[in-house]
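The values are calculated or read from the model by the stated rules, or taken from the named source; none is laboratory data. What you are looking at is a predicted structure, and each value in this text was computed from that prediction instead of being measured. Backbone-built Cβ (ideal geometry, glycine too); neighbour counts: all protein chains shown.
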Amino acid sequence: MLRLSSALFLLWTSTLVLLSSARPFSQLGGVKIFVRDAATTYDASDFDVLFQGNQDFRNDVDPQLLKDLAEHGQEPPFLFIGCSDSRVSEGTVFNAEPGTLFTQRNIANRFSREDLNARSAVAYGVEDLHVKHIIVMGHYGCGGVAASVASPPNQPWDEATTAVQQWIAPIRTVYQTSEREEVVAMRNANQGQTNVPAPKLHDPGFRALVEENVKNTVQALATDTIVVESYLNATGKSHPFYIHGWVYDIENGQVKDLGVSVGPPGHH
(Lines give C-alpha, C1' and ligand atoms only; values in the text may rest on other atoms or scores of the structure.)
Protein backbone atom coordinates (compact mmCIF):
# COMPACT_ATOMS: atom_id res chain seq x y z
CA MET A 1 0.00 0.00 0.00
CA LEU A 2 1.09 3.58 -0.57
CA ARG A 3 2.36 5.37 2.46
CA LEU A 4 -0.58 7.50 3.52
CA SER A 5 1.47 9.98 5.50
CA SER A 6 2.85 11.69 2.39
CA ALA A 7 -0.55 11.90 0.75
CA LEU A 8 -2.17 13.29 3.88
CA PHE A 9 0.61 15.83 4.28
CA LEU A 10 0.15 17.05 0.71
CA LEU A 11 -3.60 17.33 1.23
CA TRP A 12 -3.08 19.25 4.46
CA THR A 13 -0.54 21.68 3.01
CA SER A 14 -2.65 22.30 -0.09
CA THR A 15 -5.61 23.06 2.16
CA LEU A 16 -3.53 25.56 4.13
CA VAL A 17 -2.51 27.28 0.90
CA LEU A 18 -6.14 27.47 -0.19
CA LEU A 19 -7.35 28.92 3.12
CA SER A 20 -4.49 31.39 3.47
CA SER A 21 -4.73 32.81 -0.05
CA ALA A 22 -5.79 36.46 -0.32
CA ARG A 23 -7.44 35.92 -3.69
CA PRO A 24 -11.23 35.65 -3.94
CA PHE A 25 -12.63 32.15 -4.23
CA SER A 26 -15.26 30.86 -6.57
CA GLN A 27 -18.20 29.03 -5.08
CA LEU A 28 -17.81 25.30 -4.61
CA GLY A 29 -21.09 23.42 -4.72
CA GLY A 30 -22.92 26.61 -3.84
CA VAL A 31 -20.78 27.20 -0.73
CA LYS A 32 -18.47 30.21 -0.75
CA ILE A 33 -15.04 29.74 0.82
CA PHE A 34 -13.96 32.93 2.54
CA VAL A 35 -10.77 34.44 3.92
CA ARG A 36 -10.89 35.58 7.55
CA ASP A 37 -10.64 39.32 8.06
CA ALA A 38 -11.81 41.96 10.51
CA ALA A 39 -15.37 41.57 9.26
CA THR A 40 -15.53 37.86 10.14
CA THR A 41 -18.70 37.31 12.14
CA TYR A 42 -17.55 34.57 14.52
CA ASP A 43 -15.40 35.20 17.58
CA ALA A 44 -11.81 34.18 16.86
CA SER A 45 -11.19 33.94 20.61
CA ASP A 46 -13.11 30.65 20.45
CA PHE A 47 -9.83 29.12 19.32
CA ASP A 48 -7.74 30.48 22.20
CA VAL A 49 -8.14 27.33 24.28
CA LEU A 50 -6.85 25.22 21.38
CA PHE A 51 -3.82 27.35 20.57
CA GLN A 52 -2.95 27.64 24.26
CA GLY A 53 -3.27 23.88 24.57
CA ASN A 54 -0.98 23.47 21.59
CA GLN A 55 1.58 25.75 23.21
CA ASP A 56 1.38 23.77 26.46
CA PHE A 57 1.88 20.58 24.46
CA ARG A 58 4.95 22.00 22.74
CA ASN A 59 6.38 23.07 26.09
CA ASP A 60 5.91 19.61 27.60
CA VAL A 61 6.67 17.20 24.77
CA ASP A 62 10.14 15.87 24.09
CA PRO A 63 11.24 17.75 20.95
CA GLN A 64 13.55 14.90 19.99
CA LEU A 65 10.57 12.53 19.96
CA LEU A 66 8.80 14.72 17.43
CA LYS A 67 11.92 14.98 15.28
CA ASP A 68 12.43 11.22 15.34
CA LEU A 69 8.81 10.56 14.38
CA ALA A 70 9.00 13.10 11.58
CA GLU A 71 12.25 11.67 10.23
CA HIS A 72 11.68 7.95 10.68
CA GLY A 73 7.89 7.70 10.49
CA GLN A 74 5.42 6.12 12.85
CA GLU A 75 5.47 2.57 14.22
CA PRO A 76 2.52 2.57 16.63
CA PRO A 77 1.95 -0.69 18.51
CA PHE A 78 -1.78 -0.02 18.78
CA LEU A 79 -4.66 0.63 16.41
CA PHE A 80 -7.43 2.28 18.42
CA ILE A 81 -11.06 2.15 17.30
CA GLY A 82 -13.16 4.35 19.55
CA CYS A 83 -16.10 6.70 19.75
CA SER A 84 -16.04 10.27 18.44
CA ASP A 85 -17.34 11.52 21.80
CA SER A 86 -15.30 14.51 22.99
CA ARG A 87 -15.05 12.97 26.47
CA VAL A 88 -13.14 9.97 25.14
CA SER A 89 -9.89 11.30 23.73
CA GLU A 90 -7.55 8.33 23.52
CA GLY A 91 -4.39 10.39 23.78
CA THR A 92 -5.65 11.92 27.01
CA VAL A 93 -7.23 8.78 28.47
CA PHE A 94 -4.01 6.77 28.07
CA ASN A 95 -1.66 9.71 28.60
CA ALA A 96 -0.02 8.50 25.40
CA GLU A 97 2.90 10.08 23.60
CA PRO A 98 2.72 10.83 19.87
CA GLY A 99 3.39 7.71 17.83
CA THR A 100 1.61 5.35 20.24
CA LEU A 101 -1.90 5.04 18.82
CA PHE A 102 -3.06 4.87 15.21
CA THR A 103 -6.66 6.00 15.55
CA GLN A 104 -10.05 5.53 13.93
CA ARG A 105 -13.05 7.09 15.68
CA ASN A 106 -16.71 7.26 14.80
CA ILE A 107 -20.06 7.46 16.56
CA ALA A 108 -20.39 4.47 18.92
CA ASN A 109 -17.11 2.81 17.85
CA ARG A 110 -18.67 0.80 15.03
CA PHE A 111 -16.99 -1.20 12.28
CA SER A 112 -18.62 -2.51 9.13
CA ARG A 113 -17.62 -3.75 5.70
CA GLU A 114 -19.46 -0.80 4.13
CA ASP A 115 -17.33 1.75 5.98
CA LEU A 116 -14.28 2.27 3.75
CA ASN A 117 -12.90 4.84 6.17
CA ALA A 118 -12.61 2.33 9.00
CA ARG A 119 -11.59 -0.57 6.74
CA SER A 120 -8.78 1.41 5.13
CA ALA A 121 -7.52 2.38 8.59
CA VAL A 122 -7.50 -1.27 9.64
CA ALA A 123 -5.82 -2.34 6.40
CA TYR A 124 -3.11 0.29 6.72
CA GLY A 125 -2.61 -0.36 10.42
CA VAL A 126 -2.28 -4.11 9.95
CA GLU A 127 -0.45 -4.38 6.65
CA ASP A 128 1.78 -1.30 6.66
CA LEU A 129 2.20 -0.15 10.25
CA HIS A 130 2.24 -3.72 11.63
CA VAL A 131 0.33 -2.86 14.79
CA LYS A 132 0.43 -5.53 17.49
CA HIS A 133 -3.02 -4.90 18.90
CA ILE A 134 -6.35 -3.48 17.75
CA ILE A 135 -8.27 -2.00 20.68
CA VAL A 136 -12.02 -1.45 20.34
CA MET A 137 -13.10 0.84 23.16
CA GLY A 138 -16.65 1.91 23.90
CA HIS A 139 -17.73 4.06 26.80
CA TYR A 140 -20.58 4.20 29.26
CA GLY A 141 -23.04 6.96 28.48
CA CYS A 142 -22.47 6.62 24.72
CA GLY A 143 -24.97 8.81 22.89
CA GLY A 144 -25.02 6.57 19.83
CA VAL A 145 -25.92 3.52 21.91
CA ALA A 146 -28.53 5.52 23.84
CA ALA A 147 -30.12 6.66 20.58
CA SER A 148 -30.42 3.03 19.46
CA VAL A 149 -32.63 2.36 22.49
CA ALA A 150 -34.79 5.47 22.16
CA SER A 151 -37.67 5.63 19.71
CA PRO A 152 -36.53 7.05 16.37
CA PRO A 153 -37.73 10.56 15.44
CA ASN A 154 -40.96 10.88 13.52
CA GLN A 155 -40.58 10.79 9.76
CA PRO A 156 -39.96 12.34 7.31
CA TRP A 157 -36.28 12.66 8.22
CA ASP A 158 -33.92 15.31 6.98
CA GLU A 159 -30.44 14.37 5.74
CA ALA A 160 -28.79 14.76 9.14
CA THR A 161 -31.33 12.56 10.93
CA THR A 162 -31.18 9.96 8.16
CA ALA A 163 -27.39 9.75 8.42
CA VAL A 164 -27.46 9.21 12.18
CA GLN A 165 -30.35 6.75 12.17
CA GLN A 166 -28.80 4.66 9.41
CA TRP A 167 -25.48 4.62 11.25
CA ILE A 168 -26.93 3.39 14.55
CA ALA A 169 -29.30 0.87 12.92
CA PRO A 170 -26.93 -2.08 13.56
CA ILE A 171 -26.80 -1.12 17.25
CA ARG A 172 -30.61 -1.17 17.34
CA THR A 173 -30.37 -4.73 16.08
CA VAL A 174 -28.01 -5.60 18.93
CA TYR A 175 -30.46 -4.02 21.38
CA GLN A 176 -33.43 -5.87 19.89
CA THR A 177 -31.75 -9.28 19.73
CA SER A 178 -29.34 -9.40 22.67
CA GLU A 179 -29.95 -12.19 25.15
CA ARG A 180 -27.90 -10.55 27.88
CA GLU A 181 -29.98 -10.38 31.05
CA GLU A 182 -29.67 -6.64 31.65
CA VAL A 183 -30.50 -5.77 28.04
CA VAL A 184 -33.50 -8.10 28.03
CA ALA A 185 -34.78 -6.44 31.21
CA MET A 186 -34.44 -2.98 29.68
CA ARG A 187 -36.14 -4.13 26.49
CA ASN A 188 -39.03 -5.64 28.45
CA ALA A 189 -39.41 -2.47 30.50
CA ASN A 190 -39.64 -0.40 27.31
CA GLN A 191 -42.06 -2.76 25.59
CA GLY A 192 -45.41 -1.17 24.80
CA GLN A 193 -44.21 2.42 25.16
CA THR A 194 -45.03 4.65 22.22
CA ASN A 195 -42.12 7.00 22.84
CA VAL A 196 -39.16 5.28 24.47
CA PRO A 197 -36.69 7.80 25.96
CA ALA A 198 -32.92 7.47 25.92
CA PRO A 199 -31.75 5.42 28.90
CA LYS A 200 -30.14 6.99 31.95
CA LEU A 201 -26.38 6.82 32.47
CA HIS A 202 -26.51 4.24 35.27
CA ASP A 203 -29.21 2.02 33.75
CA PRO A 204 -27.74 -1.51 33.96
CA GLY A 205 -29.24 -2.36 30.58
CA PHE A 206 -27.66 0.69 28.98
CA ARG A 207 -24.24 -0.14 30.39
CA ALA A 208 -24.59 -3.75 29.30
CA LEU A 209 -25.60 -2.67 25.79
CA VAL A 210 -22.50 -0.47 25.55
CA GLU A 211 -20.42 -3.56 26.32
CA GLU A 212 -22.37 -5.74 23.88
CA ASN A 213 -21.82 -3.15 21.16
CA VAL A 214 -18.06 -3.35 21.78
CA LYS A 215 -18.21 -7.14 21.50
CA ASN A 216 -20.19 -6.82 18.28
CA THR A 217 -17.50 -4.56 16.83
CA VAL A 218 -14.78 -7.00 17.87
CA GLN A 219 -16.67 -9.77 16.08
CA ALA A 220 -17.20 -7.63 12.98
CA LEU A 221 -13.47 -6.90 12.87
CA ALA A 222 -12.44 -10.50 13.42
CA THR A 223 -14.64 -11.72 10.55
CA ASP A 224 -13.73 -8.97 8.09
CA THR A 225 -11.89 -10.14 4.99
CA ILE A 226 -8.92 -7.87 5.70
CA VAL A 227 -8.35 -9.48 9.09
CA VAL A 228 -9.14 -13.02 7.94
CA GLU A 229 -6.72 -12.82 5.01
CA SER A 230 -4.05 -11.36 7.25
CA TYR A 231 -4.54 -14.14 9.78
CA LEU A 232 -4.21 -16.66 6.96
CA ASN A 233 -1.14 -14.77 5.76
CA ALA A 234 -2.76 -14.41 2.36
CA THR A 235 -0.87 -11.17 1.69
CA GLY A 236 2.52 -12.69 2.39
CA LYS A 237 3.55 -9.87 4.72
CA SER A 238 1.30 -10.47 7.70
CA HIS A 239 2.29 -10.75 11.33
CA PRO A 240 0.45 -11.74 14.50
CA PHE A 241 -1.89 -9.13 15.94
CA TYR A 242 -4.78 -9.27 18.36
CA ILE A 243 -8.18 -7.62 18.72
CA HIS A 244 -9.46 -6.61 22.16
CA GLY A 245 -12.67 -5.13 23.57
CA TRP A 246 -12.46 -2.49 26.29
CA VAL A 247 -14.85 0.02 27.86
CA TYR A 248 -14.20 3.45 29.38
CA ASP A 249 -16.07 4.92 32.34
CA ILE A 250 -16.59 8.63 31.66
CA GLU A 251 -17.35 9.29 35.34
CA ASN A 252 -14.08 8.14 36.84
CA GLY A 253 -11.74 7.81 33.85
CA GLN A 254 -11.14 4.09 34.31
CA VAL A 255 -10.64 1.72 31.39
CA LYS A 256 -11.88 -1.85 31.80
CA ASP A 257 -10.83 -4.86 29.77
CA LEU A 258 -13.98 -6.79 28.86
CA GLY A 259 -12.00 -10.00 28.47
CA VAL A 260 -12.93 -10.31 24.81
CA SER A 261 -9.94 -10.92 22.55
CA VAL A 262 -9.32 -12.49 19.15
CA GLY A 263 -6.01 -13.63 17.71
CA PRO A 264 -4.67 -15.56 14.73
CA PRO A 265 -4.91 -19.36 14.73
CA GLY A 266 -2.27 -20.90 16.97
CA HIS A 267 -1.66 -17.70 18.93
CA HIS A 268 -3.14 -16.97 22.35
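In segment 198-226, the residue that is surrounded by the most Cβ atoms within 10 Å (Cβ to Cβ) out of those that are touching a residue at least 12 places away in the same chain (Cβ under 8 Å) and part of a loop (DSSP other than H, G, I, E, B) is Pro199. Just one of the listed residues (Pro152, Pro156) is over 30 Å from His244 (Cα atoms) and surrounded by fewer than 15 Cβ atoms within 10 Å (Cβ to Cβ), and it is Pro156.
Being modelled with pLDDT under 95, under 30 Å from Ala222 (Cβ atoms) and among the hydrophobic types (A, V, I, L, M, F, W, C): is that true of Ala7 here?
So Ala7 passes the test.
Taken over segment 245-268, residues that are in contact with a helix residue (DSSP H, G or I) (Cβ under 9 Å, 6 or more places away or on another chain), among the small types (Gly, Ala, Ser) and either surrounded by fewer than 15 Cβ atoms within 10 Å (Cβ to Cβ) or at pLDDT 95 or above (or both) amount to 3.
Within segment 138-197, being among the acidic types (Asp, Glu) and in a helix (DSSP H, G or I) holds for Glu159, Glu181, Glu182. Please verify whether segment 168-179 includes one or more residues that are surrounded by 21 or more Cβ atoms within 10 Å (Cβ to Cβ) and either farther than 30 Å from Gly192 by Cβ or within 17 Å of the chain's Cα centre (by Cα) (or both). Yes, segment 168-179 contains a residue that is surrounded by 21 or more Cβ atoms within 10 Å (Cβ to Cβ) and either farther than 30 Å from Gly192 by Cβ or within 17 Å of the chain's Cα centre (by Cα) (or both). Only one entry of Arg110, Arg87, Arg58 meets the criterion of being under 22 Å from Val210 (Cβ atoms), among the basic types (Lys, Arg) and out of contact with any helix residue (DSSP H, G or I) (no Cβ under 8 Å at 6 or more places or on another chain), and that entry is Arg87. Every test in (1) in contact with a helix residue (DSSP H, G or I) (Cβ under 8 Å, 6 or more places away or on another chain); (2) crowded, with 20+ Cβ neighbours inside 10 Å is passed by Ile135 save one, and that test is (1).
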